[in-house]
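Asker: Structure incoming, see below.
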């Protein structure tokens with residue numbers, strides 16, 4: 001009886017171990033083939049955001065090239081408007097997640113165009129900035145100062161995100177890469 | 001102890017395979033990179049000789065005692081090899097990858113717990129001498145532990161995208177495969193006992209030796225060949241990265257000033 005039970009448990013254990021190794025082996029093969037995932041999967045990871053609202057908030061702070069505006073245009077939107085347009089902290093977190101996809105989208109290109117590495121690194125830096133702003137915002141929320149801190153950090157996040165999307169689109173456009181139309185639709 | 005023709009053949013083949021592997025490690029300068037693995041192989045050469053003469057001239061009890069003592073050394077050295085492989089994979093520049101270290105520690109703890117649990121559960125060997133029971137259960141524990149550790153290392157290296165074609169990875173793959181087969185064989189031994197006079201028990205031992213020969217052959221070939229050279233970063237890209245690094249440093253400086 002004990003022997004039967006032992007061999008049963010052992011079989012389950014070995015099967016689980018074998019499944020684990022095969023799973024990771026196949027994953028390895030997939031990763032070698034598509035180090036940053038397949039194009040469709042990458043696009044599928046992008047969460048839906050309201051593009052018009054993102055552009056509206058971002059363009060009140062920076063221009064299309066990412067340069068800060070000299071005028072005080074940013075005063076046009078009050079904190080309540082920004083909060084509802086972007087969907088609060090949850091909306092900002094969605095942008096944060098999308099940033100990782102944007103970086104991967106450039107790394108995807110870098111497989112064939114090594115020059116894209118510099119842009120990928122720049123985007124990684126931008127993503128880090130966004131992470132920093134959201135971190136500050138969360139700390140402020142914990143201290144009960146979310147409303148005061150939100151406009152300042154949220155606008156920065158949205159502006160950086162917007163510039164990142166423009167950079168990715170410009171890269172695909174400049175090198176005439178396949179998938180540009182789908183990307184424009186997704187971003 | 002009476003040794004059959006096939007016993008002598010496996011013994012001789014094992015000895016030759018280990019000596020060749022040791023020569024490969026030495027001639028191709030792998031010994032300095034993998035000191036524990038080299039010591040393990042050297043210990044196998046010594047073990048083959050010691051066990052051969054003990055089997056030839058000593059009693060069954062003396063042979064079991066020698067086997068058990070050398071088995072403990074083997075387990076200790078195998079654990080050192082696991083550390084060596086993990087160190088090559090997750091500490092290539094001298095510091096442990098922070099995300100890998102904690103996960104690796106969990107893998108080790110979980111592996112020990114599962115191996116101990118399975119050993120406790122294992123079938124009671126039919127021959128109840130204490131020495132044989134320790135031997136069978138010790139072998140089983142060691143095989144399960146090694147299999148889990150190497151499977152865990154494979155999973156972790158895939159997760160954090162470490163290369164698989166280095167010499168360290170080849171050694172780990174060979175040991176992992178051998179340990180996996182050993183789990184099956186030692187489970188069989190725990191049920192049937194280790195008795196060379198029982199045909200099926202002897203066949204299991206031959207199968208283990210054959211598997212080991214295949215692994216030794218795999219190591220001889222892969223360690224003789226050079227590992228694939230990692231792709232070098234083009235000069236232009238290196239410049240880009242350096243410029244970016246300078247930019248990040250400047251930002252950091254600004255942030256520090258802002259804090260002050």
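Coordinate-derived values only; no laboratory data. Every value quoted in this text rests on a predicted model; they were computed, and no experiment measured them. Positions of Cβ are backbone-derived with ideal geometry, glycine not excepted, and every protein chain shown enters the neighbour counts.
Asker: In what sequence, highest mean first, do A:164-177, B:137-150 appear when ranked by Cβ atoms within 10 angstrom? Don't jump to the answer; show the numbers that get you there.
Answerer: Working: A:164-177: 16.6, B:137-150: 23.9.
With the highest mean Cβ count within 10 Å placed first, the list reads B:137-150, A:164-177.
Asker: Per-residue mean of other chain beta-carbon atoms within 10 angstrom of the beta-carbon, peptide B:244-251?
Answerer: 2
Asker: In degrees from 0 to 90, rounded to the nearest 10, what is the angle of the helix B:98-121 Cα long axis to the longest principal axis of chain B?
Answerer: 20
Asker: To continue, here is another question. If a/c stays under 1.5 just call it rounded; otherwise compare a/b with b/c (prolate if a/b is bigger, oblate if not). Do that for region B:1-125, with a ≥ b ≥ c from the square roots of the Cα gyration tensor eigenvalues.
Answerer: Oblate shape, in that a/c is at least 1.5 and b/c is the bigger or equal ratio.
Asker: For A:5-15, what's the mean count of beta carbons from other chains sitting within 10 Å of each residue's beta carbon?
Answerer: Average neighbour count from other chains, rounded to a whole number: 4.
Asker: Another question, if that's okay. Is the shape of region B:5-229 best called rounded, prolate or oblate, per the rule: a/c under 1.5 gives rounded, else a/b larger than b/c gives prolate, else oblate, with a ≥ b ≥ c the square roots of the Cα gyration tensor eigenvalues?
Answerer: In terms of gyration-tensor shape, oblate.
Asker: Given a 10 angstrom Cα cut-off, can you work out which residue in B:249, B:186, B:84 is the most mobile in a GNM of chain B?
Answerer: The residue with the greatest mean-square fluctuation here is B:249.
Asker: Turning to a different aspect of this structure: Would you give the gap between the C-alpha center of region B:141-193 and the C-alpha center of region A:102-134, rounded to a whole Å?
Answerer: Region B:141-193 and region A:102-134 have Cα centres separated by 37 Å.
Asker: With everything on Cα atoms, drop me the angle between helix B:35-57 and the longest principal axis of chain B, reported from 0 to 90° to the nearest 10.
Answerer: That helix lies at roughly 0 degrees to the long axis.
Asker: Provide A:163, A:181 in ascending order of the number of other Cβ atoms located within 10 Å of each residue's Cβ, fewest first.
Answerer: By the 10 Å Cβ count, ascending: A:181, A:163.
Asker: Next question, about the same structure. Over what distance in Å are the Cα centres of region A:17-52 and region B:1-54 separated?
Answerer: So the two Cα centres are separated by 43 Å.
Asker: OK, next. If one takes the longest principal axis of the Cα atoms in chain B, at what angle in degrees, from 0 to 90 and to the nearest 10, does the Cα axis of helix B:130-159 lie?
Answerer: Taking the Cα atoms of chain B, the angle to B:130-159 is about 20 degrees.
Asker: Other chains' Cβ within 10 Å of B:147-153 residues: what's the mean? Spell out each step's value before the answer.
Answerer: On the way: counts 5, 3, 0, 2, 6, 3, 0.
The per-residue average across the peptide is 3.
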